[in-house]
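Student: Structure incoming, see below.
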Amino acid sequence: MIVEDKYFIGDYEQKTNLFSLSPSSKFILYLLKQRGPLKQQEIIEKTLLPKRTTAYALKKLQDENFIKKSKDLIDKRVSIFEITI
């Protein structure tokens, strides 16, 4: 089944930044769009990407303001990632 996604992109620069992301970053962004907020370990389990690749992709997505990071209310050591676009 193909799901059509609509991202809200504010300006041209942000749109070009989205297109220039690595495939792993785009895959994680798509996963967060479909599944909602996820912990890093959940992202690793669902994508089967290495921990280092996932961490780098999440950092790039945060730098471009495509996702935001927050702390888990139960375990403060765990971060939860959520899409912002």
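The values are calculated or read from the model by the stated rules, or taken from the named source; none is laboratory data. Nothing here was measured: the structure is a model prediction, and the numbers come from that model. All Cβ positions, glycine included, derive from the backbone under ideal geometry; neighbour counts span all protein chains shown.
Student: Please work out which residue is surrounded by the most Cβ atoms within 10 Å (Cβ to Cβ), limiting yourself to the range 24-62 and to residues that are touching a residue at least 40 places away in the same chain (Cβ under 8 Å) and not in a helix (DSSP H, G or I).
Tutor: That would be LEU38.
Student: Identify, please: which residue in the range 27-64 is farther than 13 Å from THR84 by Cα and of a type in the set (Lys, Arg) and is, among those, modelled with the lowest pLDDT?
Tutor: Applying the filter and picking the extreme gives ARG35.
Student: Return a yes/no flag: does the range 65-77 have any residue that is polar (S, T, N, Q) and surrounded by 12 or more Cβ atoms within 10 Å (Cβ to Cβ). Talk me through it step by step, then tell me what you get.
Tutor: Of the range 65-77, the ones polar (S, T, N, Q) are 65, 70.
Among the residues that remain, those that are also surrounded by 12 or more Cβ atoms within 10 Å (Cβ to Cβ) are: 65.
The answer is yes; a qualifying residue exists.
Student: Taking the range 63-85, which residues are in a loop (DSSP other than H, G, I, E, B) and within 23 Å of ASP11 (Cβ to Cβ)? Show your work before the answer.
Tutor: At the first step, the residues of the range 63-85 found to be in a loop (DSSP other than H, G, I, E, B) are 64-66, 72-78, 84-85.
GLU64, ASN65, PHE66, THR84, ILE85 - these are the residues of the range 63-85 that are in a loop (DSSP other than H, G, I, E, B) and within 23 Å of ASP11 (Cβ to Cβ).
Student: May I pose another question? For the range 48-76, name all the residues that are in contact with a Phe, Trp or Tyr (Cβ under 6 Å, 6 or more places away or on another chain) and either of a type in the set (Asp, Glu) or farther than 14 Å from LEU21 by Cβ (or both).
Tutor: Correct list: LYS69 only.
Student: Within the range 63-85, work out how many residues are in contact (Cβ under 8 Å) with a residue 24 or more places away in the chain and over 13 Å from the mean Cα position of the chain (by Cα).
Tutor: 2
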